[in-house]
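S.K.: Structure in structure tokens, see below.
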Amino acid sequence: LNSAIELWQGPNNSPQKMRVYSEDGNARPFRAVIETPYSTNTVAIKNTDVDYPFTAVVDHTLKNVDGDPTVSPAQRLAELGFPKKIQGRATHSHQCDPDTQSVQIVLNTDGCPLDARIEILQGPSHNKQVLEVQTEDGENFPFYAIIDTPGDKNVIRVVNQGQLEFPLSVDVRPYVETPDNKSSDDEDIGMRWS
């Protein structure tokens, strides 16, 4: 899976851009919530690898588990956790427990631009999935995704590619765990995938 995803707001304005690579789109699909806080919005999805077609779905309806449509999964996860602050040009790694089948991740800022690279590694320096995210405002356009982590020895590495004066916050939590298929802290966080 090799694609480019952009949020368009009117002509010549793309406040959020993503590049997505996955070694196996079936085992590690890309699932994200794209915030659209202002008026007219369009989501553009481009296949950047003509040899391998893929299927994409965009759904404008979002049903939160707690029933409150005003709170996005990114806001809810950011409020529940203790996010890690990553300064510009710095890296943060999160080792996944072998029982974790998927994690949820949120990246945001205090209104500064967000420029990050998320790598899902399995084994030493073996990229299974790479996500590059750029937003002009990490507060109004946070990045929230569900990332599948099948197998063991998965590491989520987040690199803040922004300048030193543009820190970002990251929070990574288990979404689905194998023993009892419950999310972290036995709470429903975010949204359910069917």
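The values are calculated or read from the model by the stated rules, or taken from the named source; none is laboratory data. Predicted, not measured: the structure shown is a model, and the values here were computed from it. All Cβ positions, glycine included, derive from the backbone under ideal geometry; neighbour counts span all protein chains shown. Accessible surface areas use protein heavy atoms only, side chains included; no ligands, DNA or RNA. Shrake-Rupley method; radii C 1.70, N 1.55, O 1.52, S 1.80 Å.
S.K.: Roll a 1.4 angstrom probe over the protein heavy atoms and tell me the percent of accessible area of region 1-133 that is carbon or sulfur.
M.R.: On the way: 3680 of 7550 Å².
Within region 1-133, the accessible surface is 49 percent carbon and sulfur.
S.K.: Moving on to the next point. How large is the dipole of the chain about the Cα centre if only Lys and Arg carry +1 and Asp and Glu carry -1, each at its Cβ, rounded to the nearest 20 debye?
M.R.: 440
S.K.: Give a quick list of chymotrypsin sites (Phe, Trp or Tyr not before Pro) in region 80-177 that DSSP marks as loop, anything other than H, G, I, E or B, with at most 12 other Cβ atoms within 10 Å.
M.R.: For chymotrypsin sites (Phe, Trp or Tyr not before Pro) across region 80-177 that sit outside H, G, I, E and B with at most 12 neighbouring Cβ atoms in 10 Å, the list is empty.
S.K.: According to a simple spin-label model (label point 7 Å from Cα along Cα-to-Cβ), what is the distance in nm between residue 60 and residue 48?
M.R.: So the two model labels end up 2.7 nm from each other.
S.K.: Roughly how big is region 9-64's charge dipole about its Cα centre, with Cβ charges of +1 (Lys, Arg) and -1 (Asp, Glu), in debye to the nearest 20?
M.R.: 200
S.K.: Right, something else. Report the label-to-label distance for residue 4 and residue 127 in nanometres (one decimal), using points 7 Å from each Cα along the Cα→Cβ vector.
M.R.: 1.6
S.K.: Please list, short to long, the whole-number percent of alpha-carbon pairs of region 12-116 in consecutive 5 angstrom bins beginning at zero.
M.R.: Percent of Cα pairs in each bin: 2, 7, 15, 20, 22, 19, 12, 3, 0.
S.K.: Looking only at 13, 160, 41, which one moves most when the chain is put into a Gaussian network model with springs between Cα atoms under 10 Å?
M.R.: With Cα springs under 10 Å in the chain, the top fluctuation among 13, 160, 41 is at 13.
S.K.: Follow-up. Can you show me the helix-derived [θ] at 222 nm for the chain, built from DSSP H runs with n ≥ 4 at -39,500 (n - 2.57) apiece and divided by the number of residues, rounded to the nearest 500.
M.R.: About -1000 deg cm²/dmol.
S.K.: Could you list log10 I(q)/I(0) for region 120-167 at q = 0.14, 0.18, 0.22, 0.32 Å⁻¹, which the Debye formula gives when each Cα is one point scatterer?
M.R.: So the normalised log intensities are -0.46, -0.70, -0.90, -1.30.
S.K.: Quick check for you: with a 1.4 Å probe and neighbouring chains kept, what is the accessible area per residue of region 1-152, in Å²? Numbers along the way, then the final one.
M.R.: Details: 8160 Å² over 152 residues.
About 54 Å² of surface per residue is accessible.
S.K.: Jot down the radius of gyration and Dmax of the chain, Cα atoms only, both in angstrom.
M.R.: Both quantities, over Cα of the chain: 16.0, 48 Å.
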